[in-house]
Amino acid sequence: MKARDNPLCTDRQLAFRYRPLDCTWDDLMRRLHNLRYRCLVVGPEGSGKTTLLEDLAPRLHALGFATTFVRIDDGLPRVSAGPSAIVLLDGAEQLDRTSWNALCEQTRQSAGLVATSHTAGRLPTLIECRTSVPLLRRIVADLAPQHAALLEPLLADVYARRNGNIRLALGDLYDVLAGL
Amino acid sequence: MSDLSIECASRFLPGRTVDGVARWRFDRAPRRLDLNLLWFTRGKGTRDSQVVDTLAIDAPPAAGQLDFSLPLPDAPYSFSGRLISLIWAVELVAEPSGEHCRVEIAMSPTGAEIDLAGKAMP
């Protein structure tokens, strides 16, 4: 199968947005408000943390907040956010204690700080992102309905081999379809 | 409710010009329209893209059309393997709404997308 026709291509994976498993978006936004917009999105790699963070932005805009998205790639950038802005930080686990404290200081005057992290603890947890074989099955059914039956026998094995990392599991399934 | 469309040929040789017509109709006029000639990749892994030419229309009317001529460069060629495809396209984008339409074209020495997917994998 040509890459352009592969239904599990990156474009389509990225177009699949976060869906809370055990609550609704309304529940999540209420909890976010109750936590005064300072909290963590916790979960392992490939569990949807970044997607959730991205999907929070338009919902926060609808509430009148501005958002500043910060991705930790190479050290901590200087974060500048006004009093009506909520900082959305992707990758808090990459910050040591000193950098984390500096970030908290920089965002003290802002309306909030929502960060993704592999581990809980630095702020209250908004939600713990989890994955499962049924979730992988649902994503495959949505992205590649015409190939869902072919991929079904592989799902549990791929999920286990990739330790629940949905992004990597979908990459493996992409390869299966590429060989068709 | 909006309606955007692009009419042009679908196969081109490198360095040739993409001639066509872009048409639009909006309930409210957009602030700007961009007609882009671009290529992008689709497949597994990181996506890549490049806009090689843009015709910008500031404060366009709510409905109208634009005859365009956009010169293609000599490379990269359109191709499709199993891992990645490189796709040329012309797109019309309205700002600030982001509404858009895109027409895919092919550019190569034969005018067709180079098919690498059928080749044996190393």
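Overview of results
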read-out: Identity of the residue in the stretch A:119-142, surrounded by 18 or more Cβ atoms within 10 Å (Cβ to Cβ) and of a type outside the set (A, V, I, L, M, F, W, C), that ends up nearest to residue A:37 (Cα to Cα); value: A:122
read-out: Which listed residue is under 24 Å from residue B:21 (Cα atoms), within 14 Å of chain A (Cβ to nearest Cβ) and surrounded by 12 or more Cβ atoms within 10 Å (Cβ to Cβ), from B:66, B:55, B:72, B:86; value: B:86
read-out: Cβ-Cβ under 6 Å pairs, at least 6 apart or on other chains, the stretch A:138-153 side polar (S, T, N, Q), far side modelled with pLDDT under 95 and surrounded by 14 or more Cβ atoms within 10 Å (Cβ to Cβ); value: none
read-out: Condition check for residue A:116: buried (at least 20 other Cβ atoms within 10 Å of the Cβ), assigned by TED's automatic domain parsing to the domain that holds residue A:48 and within 16 Å of the chain's Cα centre (by Cα); value: yes
read-out: Which numbered condition residue B:106 fails, given (1) surrounded by fewer than 18 Cβ atoms within 10 Å (Cβ to Cβ); (2) within 14 Å of chain A (Cβ to nearest Cβ); (3) assigned to a strand (DSSP E or B); value: (1)
read-out: Only one of A:160, A:141, A:115, A:102 that is assigned to a helix (DSSP H, G or I), touching a helix residue (DSSP H, G or I) at 6+ places or on another chain (Cβ under 8 Å) and either over 22 Å from residue A:58 (Cβ atoms) or aliphatic (A, V, I, L, M) (or both); value: A:141
read-out: Top-ranked residue of the stretch B:11-47 - restricted to ones that are under 16 Å from the mean Cα position of the chain (by Cα) and small (Gly, Ala, Ser), ranked as nearest to the other protein chains (Cβ to nearest Cβ); value: B:20
read-out: Leading residue by the ranking (surrounded by the most Cβ atoms within 10 Å (Cβ to Cβ)) among those in the stretch A:1-45 that are within 14 Å of chain B (Cβ to nearest Cβ), part of a loop (DSSP other than H, G, I, E, B) and of a type outside the set (A, V, I, L, M, F, W, C); value: A:6
read-out: Selection count where residues are more than 14 Å from every other protein chain (Cβ to nearest Cβ), surrounded by fewer than 16 Cβ atoms within 10 Å (Cβ to Cβ) and either on the phi > 0 side of the Ramachandran plot or at pLDDT below 95 (or both), scope the stretch A:143-180; value: 1
read-out: Residue in the stretch A:47-67 that is out of contact with any helix residue (DSSP H, G or I) (no Cβ under 6 Å at 6 or more places or on another chain) and within 14 Å of chain B (Cβ to nearest Cβ) present; value: yes
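The values are calculated or read from the model by the stated rules, or taken from the named source; none is laboratory data. The structure presented is a predicted model; accordingly, all values stated were derived computationally and were not measured. Heads up, the Cβs are rebuilt from the backbone with ideal geometry, glycines too, and the neighbour counts pull from every protein chain shown.
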